[in-house]
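Note sheet for the following structure.
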Amino acid sequence: MASATFDTLHAAKALTAAGFEAQQAEAITDTIREAFTESVATKADIAEVKAEIADLRAAVKADIAGLYKQLWLVALGIVTAIAAIVKLL
């Protein structure tokens with residue numbers, strides 16, 4: 001898997017060569033480095049998201065199974081009520 005890299009020394013040298021003071025160049029490169037490292041998902045981040053998705057998938061399946069059971073009970077109640085009405089007729 002490719003990873004994002006940022007050469008802070010090269011960037012700082014390029015910025016100082018362009019006229020920035022060393023302290024400014026370091027602050028800019030540190031900010032860019034932080035953005036790179038904070039924005040890139042790690043394998044652990046991806047594994048955590050996958051685990052959360054699996055948990056949600058299991059919860060949704062359980063909810064659907066419960067609703068399916070309730071639907072069948074309602075349908076059975078309707079059929080039973082219709083059968084009772086037919087007997088009365």
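The values are calculated or read from the model by the stated rules, or taken from the named source; none is laboratory data. The structure presented is a predicted model; accordingly, all values stated were derived computationally and were not measured. Here the Cβ is made from the backbone with ideal geometry for all residues, glycine too, and neighbour counts use every protein chain on show.
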*Give me the pairs: first residue in the stretch 21-37 and small (Gly, Ala, Ser), second residue surrounded by 13 or more Cβ atoms within 10 Å (Cβ to Cβ), beta-carbon distance under 6 Å, and six or more apart or on different chains, which are they?*
Ala22/Thr16; Ala25/Ala12; Ala25/Leu15; Ala25/Thr16
_With the structure loaded, tell me whether Glu38 is modelled with pLDDT under 95, in a helix (DSSP H, G or I) and exposed (fewer than 10 other Cβ atoms within 10 Å of the Cβ) or whether it fails that test._
yes
